[in-house]
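Below: one structure, written as structure tokens.
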Amino acid sequence: MKKVITYGTYDLLHQGHVNLLKRAKALGDYLIVGVTNDNFDRDRGKLNVRNNVLERVDAVKATGLADQIIIEDYVGQKIDDVQKYDVDIFAIGSDWEGKFDYLNEFCEVVYLPRTEGISSTMLRAESQDVVKVGIIGCGRVARRFPFEANVVNGVSITAAYDSNSDASLKFAKDFEGVVSYKDLSDFYKNVDAVYIATPHLSHYDNIKTSLLAGKHVLCETPMVLKFLEAKELYKLAEKQGVILMEANKTAHCPAFNHLMVMIKSGLIGEVVDIEASLSQLLDKTGREFDPNQAGGAMFEQGSYPLLPILKLMGINYESIQLFSRMENGVDVHTKGLIKYPKAVCTFKVGLGVKTEGNLVISGTKGYAYVPAPWWKTDYFELRYEDSNDNKKFFYKWDGFGLRYEIQEFISCIYNHRFSTARLRRRESICMAEIMEQFSLRKNFFKI
Ligand code: CTP
């Protein structure tokens with residue numbers, strides 16, 4: 001029996017794919033089709049794949065041409081597969097001419113004619129209306145956004161607004177296609193969604209006004225600093241039929257997500273302890289040190305270490321204690337201790353104190369170690385009593401890392417998903433609750 005293998009993403013399965021599969025099948029008696037998994041595609045820069053791996057596998061299955069479907073997970077897998085499945089012919093479209101000659105050592109390599117005039121990229125571009133995003137708050141943080149949005153399909157930055165019109169004018173001048181607006185109602189007329197990157201204390205008003213104008217909202221973290229405000233805003237978003245998302249970039253980072261999924265599936269046993277830290281030494285004249293603008297380490301950085309804690313242990317903690325060193329009305333260092341019925345978690349944030357910024361998640365079977373800067377994870381280890389069982393995981397963190405959250409925001413808009421599993425509304429609300437506890441100095445100790 002002659003075995004043929006071929007690989008692809010097969011997003012929005014089209015006639016080009018079907019023709020290719022037919023041609024590949026005709027080369028032998030048994031066709032194996034490798035479908036790329038979502039992480040693998042993301043790692044190789046394909047950020048815009050519309051169908052998830054299960055949908056793509058189903059689509060290939062539905063052609064009736066594949067005798068076996070496998071998942072392609074990692075670079076180098078093709079050599080392993082050819083040997084493992086005892087493959088005679090590796091076939092692929094002519095757009096890959098020459099790229100897989102290295103497989104000649106293991107089997108025959110055939111480049112098949114590609115069907116002209118159709119591709120998944122084309123279909124994605126045709127089927128997608130572009131979401132027009134306007135930016136409110138044109139400072140340092142917002143400047144990363146257009147660069148990152150550029151690599152995500154289906155989004156375009158069209159408008160800028162800032163209470164300081166010089167800032168929005170400069171933004172519009174620096175980024176092509178962006179128009180600066182002085183008047184918010186004119187601004188809203190020209191956008192479908194907004195990205196809010198104003199100082200923390202303006203978020204609530206900016207979000208509410210935008211939701212009431214019927215716009216989807218992606219707001220920088222911390223979204224708001226009060227429990228009831230967070231609850232009210234998510235409710236309002238749902239009532240208005242629009243998406244509200246907190247822009248916590250770690251939550252959308254591929255490596256972090258994979259780590260969460262692995263831990264939730266029991267790879268280190270039951271989680272008993274989490275330690276997460278993050279610190280930055282910043283110029284003390286900045287907004288981050290101004291008590292009137294909600295400065296301080298907890299507000300500035302707290303939502304990052306709270307993320308793995310709330311994702312893994314949930315929102316029903318028993319108690320939380322906060323210990324801070326205060327300077328001129330803001331915390332330059334805060335240590336938090338969160339007690340759950342069967343676990344204890346600690347976190348440290350610092351703007352004026354430097355500490356090791358790693359994440360350690362300890363379980364009954366082993367622990368996860370994520371070195372600094374774990375909040376833009378591209379590498380982590382699972383470690384066990386027997387070090388032979390240890391596993392290292394490597395990923396790619398592209399650009400400023402905002403592309404992942406932008407992609408999820410756009411996907412939520414298209415698919416009418418009000419909540420993303422990567423940062424659930426209840427988790428975001430719980431973060432606001434903890435920030436509020438800090439503002440109220442509840443269970444708070446000065447050091
Ligand atoms: N293919 C083809 N003819 C096309 C499009 C794809 O023969 N018009 C082949 C590719 O050469 C490959 C297989 O189909 O062997 C799977 O390709 P894939 O990358 O999934 O499809 P594309 O449409 O090229 O996707 P994209 O636009 O995302 O690159």
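Using the Karplus equation 6.51 cos²θ - 1.76 cosθ + 1.60 (θ = phi - 60°), what ³J(HN,Hα) coupling, rounded to whole Hz, does each residue of the range 158-168 give in order, writing x for Gly and Pro?
These are the phi-based 3J(HN,Hα) values: 10, 9, 9, 9, 8, 4, 9, 5, 4, 5, 6 Hz.
So which aspartates and glutamates pass the test for K376, namely a Cα distance under 14 Å, with those fewer than 8 places away in the same chain ruled out?
D398, E405
With a point put 7 Å past each Cα toward its Cβ, work out how far D389 is from K46 in nm, to one decimal.
Going by the 7 Å Cα→Cβ label model, 3.5 nm.
Express in % the proportion of alpha carbon pairs of the range 311-357 at distances exceeding 15 Å.
Working: 538 of 1081 pairs.
In whole percent, the long-distance tail amounts to 50.
May I ask you to give the solvent-accessible area per residue for the range 61-112, in square angstrom, as obtained with a 1.4 angstrom probe?
Numbers: 2870 Å² over 52 residues.
I get 55 Å² per residue for this part.
Give me log10 I(q)/I(0) at q = 0.10, 0.11, 0.18, 0.26 Å⁻¹ for the range 333-428, Debye formula, one equal scatterer per alpha-carbon, no solvent.
-0.42, -0.51, -1.17, -1.24
Of all beta bridges DSSP finds with both residues in the chain, what is the antiparallel percent, to the nearest 5?
So the antiparallel bridges in the chain amount to around 40 percent.
Which shape class applies to the chain: rounded if a/c is under 1.5, otherwise prolate when a/b exceeds b/c and oblate if not, where a ≥ b ≥ c are the square roots of the Cα gyration tensor eigenvalues? Walk me through the numbers on the way to the answer.
Details: a/c = 2.45, a/b = 1.48, b/c = 1.66.
Because a/c hits 1.5 or more and a/b fails to exceed b/c, the chain counts as oblate.
Going by Cα centres, the range 221-281 and the range 1-75 are how many Å apart?
The two parts, judged by their Cα centres, are 33 Å apart.
With charges only on Cβ, +1 for K and R and -1 for D and E, what is the dipole size of the chain about its Cα centre, in debye, rounded to 20?
With Lys and Arg at +1 and Asp and Glu at -1, about 980 debye.
Does the range 291-383 come out rounded, prolate or oblate by the C-alpha gyration tensor, with a ≥ b ≥ c the root eigenvalues, rounded set by a/c under 1.5 and, if not, prolate when a/b is larger than b/c and oblate if not?
oblate
Among the listed pairs K132/K354; K173/K239; K342/K442; K354/K396; K22/K396; K46/K365, which are separated by more than 31 Å between their Cα atoms?
Correct reply: K132/K354; K173/K239; K22/K396; K46/K365.
All other residues with a Cβ under 14 Å from the Cβ of I32 taken together, and with Lys, Arg as +1 and Asp, Glu as -1, what is their net charge?
Once all neighbours under 14 Å are counted, the net charge is -1.
Please work out the average accessible area per residue across the range 258-392, using the 1.4 Å probe convention, and give it in Å².
44 Å²
Once you compute Rg and the Kirkwood Rh from C-alpha atoms, what is the Rg to Rh ratio for the range 145-248?
Rg/Rh for the range 145-248 comes to 0.95.
Suppose the Debye formula is applied to equal point scatterers at every Cα of the range 1-64; what is log10 I(q)/I(0) at q = 0.23 Å⁻¹?
The calculated log intensity ratios at q = 0.23 Å⁻¹ are -0.95.
Under 1.5 on a/c is rounded, so check that first for the range 191-237, then, if it is not, pick prolate when a/b is larger than b/c and oblate when it is not; a ≥ b ≥ c are the square roots of the alpha carbon gyration tensor eigenvalues.
Oblate, since a/c reaches 1.5 and b/c is not below a/b.
Enter the accessible area per residue of the range 164-229 (Å², integer; probe 1.4 Å; all protein chains in place).
Ligands and nucleic acids excluded, the figure is 47 Å² per residue.
Over the chain, with every protein chain in place, what whole percent of the accessible area is carbon and sulfur at 1.4 Å, could you tell me?
On the way: 10060 of 20180 Å².
Here it works out to 50 percent.
Under a straight-distance cross-link criterion of Cα-Cα below 18 Å, which aspartates and glutamates are reachable from K61, leaving out those fewer than 8 residues away in the same chain?
D11, D29, D38, E72
Under a cut-off of 15 Å between alpha-carbon atoms, report the aspartates and glutamates in cross-link reach of K391, not counting same-chain residues fewer than 8 places apart.
D378, E381
The values are calculated or read from the model by the stated rules, or taken from the named source; none is laboratory data. Note that the coordinates shown come from a computational prediction; the quantities given were computed from them, not determined experimentally. Every residue, glycine among them, receives a Cβ derived from its backbone with ideal geometry; neighbour counts consider all protein chains shown. Surface accessibility is based on the protein's heavy atoms, side chains included, excluding ligands, DNA and RNA. Shrake-Rupley method; radii C 1.70, N 1.55, O 1.52, S 1.80 Å.
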